[in-house]
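S.K.: Quick one: structure below, then a few questions.
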Amino acid sequence: MMGMRKLACAVMLLCSALLVLFVVPSWAEACAVCGSVQTESTRKAFVGTTAFMTFLPIGMLFLVVGWYIRRTLEKEEQEGRFGDR
Amino acid sequence: MSMVAGSQGPDGLEPIDRTVRKQVVPHGVLGMLLFVLTEIMLFAGMISAFTIAKASAPIWPPPGQPRLPVEATALNSVVLLASGVALILAHRAFHKGNRSAMLRPMWVALALGSIFVVVQGYEWVRLLGEGLTLFSSTYGAFFYLIVGVHAVHAFGAIGLLAMATTRLQNGYLTPGFFGATEIFWFFVVGVWPIVYGVVYL
């Protein structure tokens, strides 16, 4: 019974969102700045900064995790070596 | 690992593994590293916003606004980079176990960092006098925001460096504290050429 109510709520929410999207599209604009792109240089800046902001955290995450794993392996190797003695 | 998986005690429960694990990275270093990663994203966001504002403007810098001191700041950037080099020397001395040899480069790094902040402050006063304020234009707003946030970080890093130097003098500088200080200082030094290249040039 609860599942049906949740489903009904979700459907109503979706219908409301679609209604807003088609009736008042200016309210439903997801991108606040897309309409302001008038020049080629601005478009390039948007594309460049989007790529920058996407790949920078991913790259940093890989670097830090990689460094941590390397440190852990080095430490384990050291401990193993001392353990053999 | 001393425990065998699946082995059970007389009460039917698995014994607690009391193996003492050695620290892979000091807590201070890891904490500072995570903090610096978030700060990198803060600068990335500001630089991205600045890049878009710059690309959207028909003329950049806007007419009627004072020009930034490119040459003087380039010289000041060299001072900051030199402080980074001094800290590298201190790092080498620290890892050789020669604590007395690292005191001088630590003081040099501290002095050069302080000179950088003082010169930046002087340039700010001059620019404010020429009419470039936070509210004069987008140019001024971005300039004071980005360079100001960097200056706040530089202040914090100088404080940390001063604490590390004092601890070194008193003989209780730990690798964790020194590592954290190094990470923060190298971040301040490393992010500056990017800020300079984007904002000043």
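The values are calculated or read from the model by the stated rules, or taken from the named source; none is laboratory data. Computed from a predicted model, the values in this text were never measured in an experiment. Cβ sites come from the backbone with ideal geometry, for glycine too, and all protein chains shown count toward neighbours. Surface accessibility is based on the protein's heavy atoms, side chains included, excluding ligands, DNA and RNA. Shrake-Rupley method; radii C 1.70, N 1.55, O 1.52, S 1.80 Å.
S.K.: Need the failing condition index for B:PRO63 against (1) within 11 Å of chain A (Cβ to nearest Cβ); (2) over 20 Å from the mean Cα position of the chain (by Cα), just the number.
M.R.: (1)
S.K.: Before we move on, is A:ALA17 modelled with pLDDT of 80 or more, at the interface with another protein chain (Cβ under 9 Å from one of its Cβ atoms) and open to solvent by less than 70 Å² (accessible area, probe 1.4 Å)?
M.R.: No, not satisfied.
S.K.: Can you go through B:THR73, B:THR51 and tell me which one is within 14 Å of chain A (Cβ to nearest Cβ), of a type outside the set (Phe, Trp, Tyr) and either open to solvent by less than 80 Å² (accessible area, probe 1.4 Å) or in contact (Cβ under 8 Å) with a residue 40 or more places away in the chain (or both)?
M.R.: Of B:THR73, B:THR51, the one residue that is within 14 Å of chain A (Cβ to nearest Cβ), of a type outside the set (Phe, Trp, Tyr) and either open to solvent by less than 80 Å² (accessible area, probe 1.4 Å) or in contact (Cβ under 8 Å) with a residue 40 or more places away in the chain (or both) is B:THR51.
S.K.: Let me ask something else. Considering only residues that are without any contact (Cβ under 8 Å) to a residue 40 or more places away in the chain, polar (S, T, N, Q) and within 30 Å of B:LYS96 (Cβ to Cβ), look in region B:124-176 and name the one that is surrounded by the fewest Cβ atoms within 10 Å (Cβ to Cβ).
M.R.: For region B:124-176, the residue satisfying everything is B:ASN170.
S.K.: Additional query: Take the conditions within 10 Å of chain A (Cβ to nearest Cβ), at pLDDT 90 or above and open to solvent by less than 40 Å² (accessible area, probe 1.4 Å) and apply them to B:LEU30. Does it pass?
M.R.: No, not satisfied.
S.K.: Could I ask something else about it? Checking A:THR42 against (1) facing chain B (nearest Cβ under 10 Å); (2) modelled with pLDDT of 85 or more, which test does it fail?
M.R.: Looking at each condition in turn, A:THR42 falls short on (2).
S.K.: Go through (1) more than 15 Å from B:GLN169 (Cβ to Cβ); (2) free of Cβ contacts under 8 Å to residues at least 24 places away in the same chain; (3) in a helix (DSSP H, G or I) and name the single condition B:PRO63 misses.
M.R.: (3)
S.K.: Moving on to the next point. Mind listing whichever residues of region B:187-197 are surrounded by fewer than 20 Cβ atoms within 10 Å (Cβ to Cβ), farther than 11 Å from B:LEU80 by Cβ and not small (Gly, Ala, Ser)?
M.R.: B:ILE194
S.K.: Starting from residues that are among the aromatic types (Phe, Trp, Tyr) and more than 7 Å from chain B (Cβ to nearest Cβ), keep the ones in region A:45-67 and report whichever is nearest to B:VAL198 (Cα to Cα).
M.R.: Per the stated criteria, the residue is A:PHE55.
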